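The values are calculated or read from the model by the stated rules, or taken from the named source; none is laboratory data. Note that this is a predicted model, so its numbers are computed, not measured. No Cβ is skipped: glycine too gets one built from the backbone with ideal geometry, and neighbour counts run over all protein chains shown.
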Amino acid sequence: MTIETKEMMLRTEPFVLNFGPVHPSTHGVYRMRATLDGEVVLDIEPVFGYLHRGIEKLAEQRTFTGFIPLTDRLDYVSSMSNNLAYVMAVEKLAGIKVPERAEYIRVIMAELQRIANHLIANGSFLNDCGAYFTPFLYMFREREKIIDLFEMVSGQRLTYNYMRVGGVSQDIPDEFLPALAKFVKQMPGKVDEYDRLLKQNEILLARAKGVGIISKEQAVNCGISGPILRASGVKWDWRRADPYSIYDRFEFDIPTASDGDCYDRFRVRMEEMRQSLRIVEQAMKQIPAGPVRAEVPHIVRPPAGEAYVHIEAPKGELGFYLVSDDSIAAYRCHVRPTSLINLTALREMVRGWKIADLIIIFGSIDICLGEVDR
Amino acid sequence: MAIVDLVINTQHPLQAVPPDWPGGFWWHWLFFTVVLIVFVLVMVMAVIYIERRGMGRMQSRLGPNRTGPFGIFQPVADAVKVLLKENIVPTNADKLVHWLAPVVAFAPALLIFAVVPFQNGALLADLDIGILYVVAISSVSTLGIFMAGWGSSNKYSLLGAMRNVAAIVSYEIPLVLAVVGVVLIAGSLSMNQIVLAQGIPFILLQPLGFLIFFIAGCAEINRSPFDLMEADSELVAGFHTEYSGMKFAMFYLVEYAEAVAISAIITTLFLGGWRGPVLPPWLWFIVKVVIVFFVMVWTRTTLPRIRIDQLMAFAWKCLFPLAVINLLITALQVLTLSQDLIWVMIPVNIAIMAVLVLLWSKFFKLGWGRVEV
């Protein structure tokens, strides 16, 4: 006599859990409907658009200069990089040459922004792991210093609006370079401190190592860029692959890892902070005197045409596509958002892992909702 | 505490019987009930203050410092704030269960203190089975937490409650096995007798037992890194997501009352309870409780949270075998060694602990836990 084992087993049903848009770990107003079998994530379905402000459409009603403040609101934790990508696109469209000093200032700002962004990314990643705010606040302590530097040059602490078509809005003040030198001297020690505290943390290793793996091929196929791509073992960085601005003058390495798990993403970001500090240090020494802005009229009127510019923003490839019809506003503006495209692989990464892993994998992608929804 | 001193001093110091209050049983009962409730509430306020300020310092910020000198009235301000909030009950909630849950969770946290000696003989009831009573009572609060999760009709709450039940059922076993080691050495289940037996604090004789008890204790009361039941980054607030107002305050109280309770039990079992030089015994007891609690705050600010399957694996594959080995070694030592050799056992036991913990950590593998779907 055989017993029907299927009937003996307890029948369970998957259920749908709604994460967000208001949830402590969705980094803004991201929403995903997760189908769960107990604790195991069977499937997720992202729901976008809670922070949609129509920024791309707004570009068509504003002058080219007037759109710069709106780029701050894309990826609002790395506004400088957004500024940079946008003004570079306009410059390419209008064929404007940027003065030497302005290029150096831009590189310094972009690299400081990268450090600030990675501090937030790693801090909030660890917060998602459940380290109750300690790493988060430690890293904010350092980010604070970077923000102080930005405040010195732009007067703003989050939405800097510092870059202009043809340069930057104003020259750096006299006290900036000494303050920057002090920061560059202190920061490597702080990064080492984080490494000592976190690199071999047993629980962090258990939580992040081998979790949320995305393979090289998958990452490339999904169009993923930035630290996530490099953590999967692809040595790809626009600063080296297509050196824009003056990146060909600096010595730096592209940190990569091989496994493509959450821990590797965390490590790659840590390393990138060190490399960014190297770039800032070199730029600080080489920075020449001179004007910080080319002779550009306040209302730029680029000739009809189109231009696409990509830069290596902290989160990955950030692109601006502009079409001009010989007027003072863009005919069409499109942003290639880093966060949105990096998010496309989330489903592949999280399937089969637990709810807790869903949160840390999502955290390790490091998205910014301002950029996902635009 | 002068009255307590009066009561205590009328007895022989090593005679472990409840103080003979003039008027008998009911006076004794009334007096200690009031003392215990006051003690628990004051201690909860104190540890909330210690936790918030301590965490502030550890996280390179100041912590609350606006209410009163050094912010010492912050717990009062918190309590007043929470009490004035509207009490919201979800429409689909099981009203009775939702209402009853905080009470069911709070009662055991208070009941545990009935057998905790504040100084020699100063306890509500010196039960012969004191520690057994603690183990039994402390499991009841699980019921309250599960009721909260079930009654809220919220998926986050339910997940948190499920995790809680799973964790407590698992961690109860190493917890009890660690206690048995202490009981073997002390030769009694009575909390007061266990303290009296600690010429040397049992943390030295039972280092592995202490470690297991501390970890399992943290898991029992949802302290980090085992705070999966209310994992704020995953489950919003776990089982008390749907609670507000007074009922939330009760859960808040339970959380810290349980932390004080487990600190008090650790103090009693492993740190020599009220024993200590110079200071009065009850003050020693409170100092030790605060120190144990401080270690919990420290781990909370230091460590990330572990995952639910890792939590279970840790209980069954790591703590459980270690607790059994610890029990075996302790039993052998108690059986074979005389009391004179007890000092020799301190380095031996610490060495055994170090070897076992290092050995077990080698078995630990990374990157598992994915399910094919």
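Filtered by the rule that a residue be in contact (Cβ under 8 Å) with a residue 60 or more places away in the chain and more than 15 Å from the chain's Cα centre (by Cα), the range B:210-232 gives B:228, B:229, B:230, B:231.
Which residues, counting only those in the range B:231-242, are within 14 Å of chain A (Cβ to nearest Cβ) and either surrounded by 24 or more Cβ atoms within 10 Å (Cβ to Cβ) or basic (Lys, Arg) (or both)?
Looking only at the range B:231-242, we keep the residues that are within 14 Å of chain A (Cβ to nearest Cβ), and these are B:231-238, B:241.
Correct list: B:231, B:234, B:235, B:238.
Counting only helices (runs of 4 or more DSSP H) that sit completely within the range A:146-228, zero hold 1 or more residues that are crowded, with 18+ Cβ neighbours inside 10 Å and among the acidic types (Asp, Glu).
To keep it simple, each residue is scored yes or no on (1) free of Cβ contacts under 8 Å to residues at least 24 places away in the same chain; (2) over 30 Å from residue A:175 (Cα atoms); (3) in contact with a Pro (Cβ under 8 Å, 6 or more places away or on another chain).
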site	(1), (2), (3)
A:250	no, no, no
A:255	no, yes, no
A:263	no, yes, no
A:269	no, no, yes
A:273	no, no, no
A:299	no, yes, no
A:302	no, yes, no
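Has the range B:327-342 got any residue that is part of a helix (DSSP H, G or I) and within 14 Å of chain A (Cβ to nearest Cβ)? No: zero hits. If you go through the range B:264-282 and keep only what is closer than 22 Å to residue B:193 by Cβ and free of Cβ contacts under 8 Å to residues at least 40 places away in the same chain, you end up with B:267, B:276, B:277.
Criterion applied to B:282, B:274, B:298 was being within 27 Å of residue B:184 (Cβ to Cβ) and among the aromatic types (Phe, Trp, Tyr), and the one residue passing it is B:274.
Residues in the range A:187-216 that are small (Gly, Ala, Ser) and either within 18 Å of residue A:130 (Cα to Cα) or within 11 Å of chain B (Cβ to nearest Cβ) (or both): A:206, A:208, A:210, A:212.
Residues in the range B:343-368 that are assigned to a helix (DSSP H, G or I) and more than 14 Å from chain A (Cβ to nearest Cβ): 14 in all.
With respect to residue B:195, is the statement that it is of a type outside the set (S, T, N, Q), assigned to a helix (DSSP H, G or I) and within 21 Å of residue B:276 (Cα to Cα) true? Give the steps one after another, and end with the answer.
Working: of a type outside the set (S, T, N, Q): yes; assigned to a helix (DSSP H, G or I): yes; within 21 Å of residue B:276 (Cα to Cα): yes.
Yes, satisfied.
Among the residues of the range B:302-318 satisfying the criterion of being out of contact with any strand residue (DSSP E or B) (no Cβ under 8 Å at 6 or more places or on another chain) and within 14 Å of residue A:204 (Cα to Cα), which is farthest from the other protein chains (Cβ to nearest Cβ)?
It comes out as B:311.
Tell me which residues, restricted to the range A:184-220, are among the polar types (S, T, N, Q) and either more than 26 Å from residue A:368 (Cα to Cα) or at pLDDT 90 or above (or both). Answer for the range A:184-220, where residues must be among the polar types (S, T, N, Q) and either more than 26 Å from residue A:368 (Cα to Cα) or at pLDDT 90 or above (or both): A:186, A:200, A:201.
There is no residue in the range B:117-127 that is in contact (Cβ under 8 Å) with a residue 12 or more places away in the chain, surrounded by fewer than 20 Cβ atoms within 10 Å (Cβ to Cβ) and part of a helix (DSSP H, G or I).
Out of the range B:207-230, which residues are closer than 18 Å to residue B:131 by Cβ and either within 11 Å of another protein chain (Cβ to nearest Cβ) or of a type in the set (D, E, K, R) (or both)? Across the range B:207-230, the qualifying residue is only B:220. Checked against (1) loosely packed, with under 15 Cβ neighbours inside 10 Å; (2) within 14 Å of chain A (Cβ to nearest Cβ); (3) not in a loop (DSSP other than H, G, I, E, B), residue B:372 passes all but a single condition, namely (3).
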